[in-house]
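Working notes, structure below.
Derivation of every value follows stated rules applied to the coordinates shown; laboratory data play no part. Values in this document were obtained by computation on a predicted structure and should not be read as measured data. Cβ placement follows ideal geometry from the backbone for every residue including glycine, while neighbour counts extend to all protein chains displayed.
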Amino acid sequence: MPNWFKLTKAVLLAGGLMTSVAHAEETVTWWDFFGGGDGVRMKQLVADFNEAHKGKIKIDATTLEWGTPFYSKVQTSAAVGEAPDIMTYHASRIPLAVKQGILQEITADDWKTMGLGRSDYAPATWEAVSIDGKQYAVPLDTHPIVLYYNKDLLKKAGVLGDDGKPKGMDSRENFTATLKALKAAGVKFPLGSVTADGNFMFRTVYSFMGQQDGELMTDGEFLAGDSAKKLENSLAVLSEWTKEGLQSTYTDYPATVALFTSGEAAMMINGVWEVPTMTDLKNNGKLFEWGAVELPVIFDHPSTYADSHTFALPANKGEEMSPEKRAAVLEVMSWMSKNSLFWATAGHIPAYGPVTNSAEYKAMEPNHTYSSLTANIIFDPKTPLAGIAGPIFDVMSNFFVPTLNGEMEPAKAVEEIKAGLAEL
Amino acid sequence: MLRNRRNEGLFGLALVAPFVAIYGLVFVYPTIKLFMTSFTDAPLIGDGNFVGFDNYARLPSDRRFGTAVWNTAYFVLITVVPGTLLAFAIALGVNRLAGRLQAAVLALFFLPYILPVSVVYLLWDWTLNFQFGIAMYLFDMLGIARIPVFKSTAWFMPAVGMITIWWTAGFSILLFLAGLRTIPTEIYEAAALDNAGRWSTFRRITWPLMWPITALVLTIQLISQLKIFDQVYLFSVGGRPNDNMVLVYYVFQRAFQSDQGGRAAAVAVVLFVIVIVVSVLNFQLTRLSGGRDR
């Protein structure tokens, strides 16, 4: 009998110890979708956070496949209470998530606890995480597309300006002339474009639409009024470049980056998240002189499409978040926002104002060069149909690929897109 | 020995109970739920309102559904019969080999079958990628224009069909080989004594005796190809998904991307019915036509 007693006591004691350890250190499960050069930076940030909060909070991070796989998993896991404590989320996907009820609101008290608030963000960024006046995520960054260029090749073709930027950035004619000069100088692809991936080209096409003040959705109607014509104009420019052999055809995402970094493509329109790829290659002595600038003005005025990475809290069905856990998660979001200067080395433009206003940020290159575009950013239309891997992406993508590779006329594509969007 | 019927029945019931329970939980119950969901406007998560046959009524005029039906049928057409015949031919060849060599060759043919679909996708993307695929350099050397295999609608299905046959033939070959080994050698000896040629031996002996296996392989192939999804999804992601649409992909798109569980369920029900009808029909037809020779 005494043995039994001892044993029970020992078990109870061990159990008690374990709970007290768990209380001391709160583990926060975390999902993100950063797989590229920015993934390395995010892992570093997570490690730094864990180091700074040793014994108090520990982030247990998992990186999942970007896009459709990530969002499919989030939707279903939240429904059965298996979602993480915190996850990264695209602002463009928030309308759908809120409709599905899979996100928790970030309340006014939460913002206060985090020491963050509306005044810390650009109005468009704040608006992108708000639905009916309530916030559902904490913005981390905005990530637009930019024009990367190979200074060596541009100089050889005589199209590198004295300011170190490409010539002809102010109009369609001049930019096409720059591309032609590169072609004449023997460059295989003056412009590397992700022409095999309509999902990606959405960013470029939508930017060009924005340069004409075109709208994808006006009061719930797709491509209303002359917006359809503006979409056609945008597609026409890109398909013209293809027809004249100025742009790489049927090129998927990794191939585009490879064409640029190997010097076969002199310029490339791609996301700022490729900045670390270039920086790292350059540091290893494997890259030419390069730069990145805001997209050329092909139509009326500068405009660039961007999305925003945010932090969101899944509404785990049937599982209430404990106050301790919530405090830990808020600390994670607050810390990440305030330390997002390092995130800028991943190319992204931090959303937290005090960081982008700092002298350190202003000294960063090429970030500072392209940061002018923040004034001209357009986001996705706010509808559950929009966003990364959303249905609008699919419909448009389907007709972008044939159009951008010269198989289909832009007018026909717009007609098909309108019909496709009407069927959603 | 005397047996207690009642006890035995109970014992049998107890033995199958675990299976019946799991089968009911993961198949029967979800299937019933699927039918019920297909009559509602439910989103992906949660319940919806009853809408009667609305989800079905809109299918005939739904262009993407039309594309999906057509592509699925096309895919079945180019993979099921050619894939089965090819596997049969390879099995006949492998059967002529003996000993270690046979095992080695069989292993070579079977190897692709054990690869996960993602690996199959990567292998073939490296081969056929428009900018960097190995095959494209071959095309350049031969002076043929490069073909964007997975980005053009004309090439997509044939290419994915070919890859699927390459990937899955190993299993069919194994079935055929097992079948070939059950044919007694005496029959072939007797035929040889009767001076039967190679062709008539095949036509009069091998083919009819192998018919049950062929019918089985055809049915397995038919069902699995009707449910094609993985390859089509992987090869068309980002590209032209709506032109390469197949039925399971459409179910996925409606449910997970458009958040329309009810409409997705309706498409799934249609596919369910098609699979049942076609496979029963196929099995009956192959059985009947096989019986004719006997």
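By the count of neighbouring beta-carbon atoms within 10 Å, fewest first, A:L281, B:L193, A:L160 end up ordered B:L193, A:L281, A:L160.
Which one of B:Q253, B:Q102, B:Q221 has the biggest mean-square fluctuation once chain B is modelled by GNM with Cα springs under 10 Å? Taking springs between Cα atoms under 10 Å, the residue moving most is B:Q102. Please report the spacing between the Cα centers of the range A:180-202 and the range A:99-152 in Å, no decimals. Taking the Cα centre of the range A:99-152 as reference, the centre of the range A:180-202 is 32 Å away. Given +1 at the Cβ of Lys and Arg, -1 at the Cβ of Asp and Glu and no other charges, the dipole of the range A:293-424 around its Cα centre is 420 debye to the nearest 20. Placing pseudo-labels 7 Å out from each Cα toward the beta carbon at B:F19 and A:T27 gives an inter-label distance of 3.9 nm. Listed by chain and number, the lysines placed with their C-alpha closer than 17 angstrom to that of A:K58 are A:K43, A:K325; residues fewer than eight positions away on the same chain are left out. When the Cα positions of B:L97, B:F39, B:L25 are compared along the charge dipole of the range B:1-114, B:L97 comes out farthest toward the positive end, with charges on each C-beta of Lys, Arg, Asp and Glu.
Compute the FRET efficiency between A:E221 and A:K54 as 1/(1 + (r/R0)^6), taking r as their Cβ-Cβ distance and R0 = 41 Å, and round to the nearest 0.05. The calculated FRET efficiency here is 0.15.
Look at the stretch B:240-248: the mean tally of other chain Cβ atoms within 10 Å of its residues' Cβ atoms is 4. Other protein chain C-beta atoms within 10 Å of residue C-beta, averaged over A:388-400: 4. When the GluC sites (Glu not before Pro) in the range A:220-324 are filtered for DSSP coil states and for at most 10 other beta-carbon atoms within 10 Å of their beta-carbon, the remaining sites are A:E320. Relative to the longest principal axis of the Cα atoms of chain A, the long axis of helix A:37-52 makes an angle of roughly 30 degrees. Sorted ascending by nearby beta carbons within 10 Å, beginning with the fewest, B:Y74, A:Y71 become B:Y74, A:Y71.
Charges at C-beta only: +1 for Lys and Arg, -1 for Asp and Glu. How large is the resulting dipole of the range A:43-168 about its Cα centre, in Debye rounded to 20?
Working: 15 positive and 16 negative charges, 86 e Å.
That gives the range A:43-168 a dipole magnitude of about 420 debye.
For the residue pairs A:K151/A:K180; A:K338/A:K362; A:K99/A:K382; A:K282/A:K338; A:K180/A:K362; A:K112/A:K362, the alpha carbons lie more than 23 Å apart in A:K282/A:K338; A:K180/A:K362; A:K112/A:K362. Taking 17 Å as the straight-line reach from the Cα of A:K317, the aspartates and glutamates in range (excluding those fewer than 8 positions away in the same chain) are A:E82, A:D85, A:E105, B:D47.
In whole percent, what relative contact order does chain A give with Cα contacts below 8 Å and a gap of six or more residues? Before the final figure, lay out the partial values.
Numbers: 735 pairs, mean separation 113.4, N = 424.
Dividing the mean separation by the residue count of chain A yields 27 percent.
A simple charge model with +1 on the Cβ of Lys and Arg, -1 on the Cβ of Asp and Glu and nothing else charged puts the dipole of the range A:290-362 at about 140 debye relative to its Cα centre. What FRET efficiency do you get for B:L288 and A:E409 if R0 is 51 Å and r is their Cβ-Cβ distance, rounded to the nearest 0.05? After rounding to 0.05, the efficiency reads 0.50.
For the segment B:62-71, counting C-beta atoms of other chains within 10 Å of every residue's C-beta and taking the mean gives 1. Helix content alone sets the calculated 222 nm mean residue ellipticity of chain B: runs of n ≥ 4 DSSP H residues at -39500 (n - 2.57) each, divided across all residues, give -23000 deg cm²/dmol. Could you let me know the centre-to-centre spacing of the range B:1-75 and the range B:153-195, using Cα atoms, in angstrom? When both Cα centres are located, 34 Å separates them. Between B:F139 and B:L115, what FRET efficiency follows from the Cβ-Cβ distance if R0 is 25 Å, with the result rounded to 0.05? The formula returns an efficiency of 0.50 here. With the simple model of a label 7 Å out from the Cα in the direction of the Cβ, B:Y29 to A:R118 spans 4.8 nm. Modelled spin-label separation between B:A107 and A:K282, with each label point placed 7 Å from Cα along the Cα-to-Cβ direction: 5.1 nm.
Determine the shape class of the range A:60-154: with a ≥ b ≥ c the square roots of the Cα gyration tensor eigenvalues, call it rounded for a/c under 1.5, and otherwise prolate if a/b is greater than b/c, oblate otherwise.
On the way: a/c = 2.14, a/b = 1.30, b/c = 1.65.
Judged from the Cα gyration tensor, the range A:60-154 comes out oblate (a/c at least 1.5, b/c at or above a/b).
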